[in-house]
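Following: one structure in structure tokens, then a few remarks.
The values are calculated or read from the model by the stated rules, or taken from the named source; none is laboratory data. Computed from a prediction, not measured in an experiment: that's the story for all the values here. FYI the Cβ positions are ideal-geometry reconstructions off the backbone, even for glycines, and counts take in every protein chain you see. To get the accessible areas, we keep the full protein, side chains included, count just its heavy atoms, and leave off ligands, DNA and RNA. Shrake-Rupley method; radii C 1.70, N 1.55, O 1.52, S 1.80 Å.
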Amino acid sequence: MYTLTQRLFLPLLLLCLSITVAAQETAQIDFEKYELDNGLKVLLHQDNTTPIVAVSIMYEVGGKDSFEGRTGFAHFFEHLLFEGSENIGRGEIDDYVQSAGGALNANTSNDRTYYYELLPSNQLALGLWIESERLMHAKVQTVGVETQREVVKEERRQSYDNRPYGTITMELYKRAYKEHPYKDPNIGYMEDLNNAEEADFQRFYKTFYVPNNAILSIAGDIDIEDTKELIEKYFADIPRGPEPPRIEVVEAPLGGEVRDTVYDNVPLPALIMGYRTVARSDPDYYAISLMNQVLSQGQSSRLNKALVDEKELAVQVGSFPASSQDPGLAIAFAITRPGTEDLRPVEAAFEAEIERLQTEPISDRELQKLRNQIEAAAIAGLGSVAGIAESLADNEMFLGDANLINTETQRYMNVTKEDIQRVAKEYYTPENRVVLYWLPQPTSR
């Protein structure tokens with residue numbers, strides 16, 4: 001529904017939305033958690049410092065949860081549910097929120113879909129009404145489907161197919177997975193978008209848009225008891241649905257390096273690598289995340305110093321682990337300098353930095369730098385009620401514990417130099433990766 005950034009590597013950066021660490025314990029976020037009889041989980045955080053409230057709802061459905069032959073449905077619904085409901089006319093959701101002085105948006109990952117309104121606190125009931133309408137009375141009809149079908153198809157063309165480097169994640173994931181639906185793009189295949197029918201969307205809505213598949217997270221200038229009464233009014237009568245199906249595919253090990261060349265309409269060659277790693281809930285995620293910070297966080301990071309400053313092989317480098325519900329990828333890239341004809345020296349320089357991590361513990365100075373970055377990110381990451389609402393929901397859905405908003409930083413702080421060295425050895429091996437040489441289209445003569 002919205003573009004987080006118009007930078008070159010939009011599809012890559014979208015994958016690391018949840019990499020930033022949670023709040024440190026000195027910035028305690030008090031909240032209340034409970035569950036309605038219909039299975040809707042509720043998280044409430046009261047902060048009366050400014051007259052603003054964030055009303056959000058997260059559904060445990062993402063790109064991986066499509067029906068066979070119908071990819072991209074979760075993202076499609078992110079668009080479709082702005083069409084209106086039985087009690088809200090087409091296009092009126094935006095009008096209601098903007099007329100009240102608020103803002104609204106939504107986003108979809110491979111694993112979840114998230115809607116929110118940021119409103120003056122005296123408009124709390126408006127946000128609750130809108131989200132209850134989406135959940136109970138959304139209009140899944142031909143006129144809305146056809147309108148949004150064209151919108152999504154155009155988004156795919158502009159943000160992926162016709163954008164330089166735009167299909168990197170698609171090309172990586174379809175080579176890294178054979179069975180797990182992570183192999184399919186979050187936005188879906190064009191043929192699936194063309195072939196999907198109204199009955200398919202009705203089925204998807206009834207399957208995943210049920211209260212027992214959602215977390216309502218509210219943060220800001222609220223009174224807890226008054227808010228509970230409003231939630232009861234708008235959500236308690238919505239019937240529980242059948243438990244949605246869950247992905248049970250366990251992807252086999254990659255079983256050997258996958259190497260390929262992709263030609264694209266790009267100005268500069270790029271080295272792209274994806275290493276199969278762990279789910280967001282795995283304890284190794286913290287060490288992998290910090291290892292990637294050593295590699296690419298800031299101008300003094302190892303990859304930037306080696307590939308950009310010293311060897312002058314690249315103009316931009318990066319590495320990060322994707323935060324995903326099932327075992328995912330850690331992605332690294334290097335965009336080379338103009339005139340580069342051979343990517344092998346770039347790859348060798350990257351491998352040299354990985355080998356350093358595998359054979360030598362990081363320095364005490366680097367470890368302290370990491371911890372400083374953790375603390376700084378923890379403070380900055382929860383500087384808004386919107387950020388708090390989303391973090392509470394993310395922690396509850398991905399990790400089963402909303403209170404990690406207060407305690408997860410310690411998990412990062414507990415990572416040792418030996419942990420970083422161990423995960424570098426375990427996951428960053430040639431047989432566990434996809435390597436793509438991303439090259440400009442050959443010029444015709």
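Listing for the model above:
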item: Single unsatisfied condition, Ser159 versus (1) open to solvent by less than 30 Å² (accessible area, probe 1.4 Å); (2) in contact with a strand residue (DSSP E or B) (Cβ under 8 Å, 6 or more places away or on another chain); (3) more than 23 Å from Glu133 (Cα to Cα); (4) in a helix (DSSP H, G or I); result: (2)
item: Subset of the range 127-142 that is in contact with an Asp or Glu (Cβ under 8 Å, 6 or more places away or on another chain) and open to solvent by 30 Å² or more (accessible area, probe 1.4 Å) - its residue that is farthest from Ile88 (Cα to Cα); result: Thr142
item: Residue tally, condition hydroxyl-bearing (Ser, Thr, Tyr) and outside any loop (DSSP other than H, G, I, E, B), over the range 194-213; result: 2
item: Within the range 117-157, considering residues that are without any contact (Cβ under 8 Å) to a residue 40 or more places away in the chain and not basic (Lys, Arg), the one farthest from Arg246 (Cα to Cα); result: Leu126
item: When residues of the range 38-53 are limited to those that are β-branched (Val, Ile, Thr) and closer than 14 Å to Asp221 by Cα, the one surrounded by the most Cβ atoms within 10 Å (Cβ to Cβ); result: Val53
item: Contacts under 7 angstrom Cβ, first residue in the range 235-254 being assigned to a loop (DSSP other than H, G, I, E, B), partner of a type in the set (Asp, Glu) and open to solvent by less than 80 Å² (accessible area, probe 1.4 Å), 6 or more apart; result: Ile247/Asp65; Ile247/Asp326
item: Close pairs from the range 101-116: first farther than 15 Å from Gln325 by Cβ and polar (S, T, N, Q), partner crowded, with 23+ Cβ neighbours inside 10 Å and modelled with pLDDT of 95 or more, Cβ under 6 Å, at least 6 apart; result: Asn107/Tyr114
item: Ala236 vs. criteria among the aliphatic types (A, V, I, L, M), modelled with pLDDT of 95 or more and surrounded by 13 or more Cβ atoms within 10 Å (Cβ to Cβ); result: yes
item: Scope the range 165-178; condition surrounded by fewer than 17 Cβ atoms within 10 Å (Cβ to Cβ) and either free of Cβ contacts under 8 Å to residues at least 60 places away in the same chain or touching a strand residue (DSSP E or B) at 6+ places or on another chain (Cβ under 7 Å) (or both); matching residues; result: Lys174
item: Count - residues of the range 297-336 that are crowded, with 24+ Cβ neighbours inside 10 Å, in a loop (DSSP other than H, G, I, E, B) and either of a type in the set (Phe, Trp, Tyr) or free of Cβ contacts under 8 Å to residues at least 24 places away in the same chain (or both); result: 0
item: Residue in the range 266-296 that is nearest to Ser319 (Cα to Cα), counting only those that are in a helix (DSSP H, G or I) and hydroxyl-bearing (Ser, Thr, Tyr); result: Ser296
item: Of all residues making up the range 84-107, the number that are farther than 16 Å from Ser132 by Cβ and not in a strand (DSSP E or B); result: 10
item: Conditions (1) open to solvent by 10 Å² or more (accessible area, probe 1.4 Å); (2) closer than 28 Å to Glu191 by Cα: number failed by Gly72; result: (1)
item: Residue pairs meeting the criteria (Cβ under 6 Å; at least 6 apart or on separate chains; first over 16 Å from Ser301 (Cβ atoms), in the range 359-372; second open to solvent by less than 70 Å² (accessible area, probe 1.4 Å) and of a type in the set (Lys, Arg)); result: Pro361/Lys417
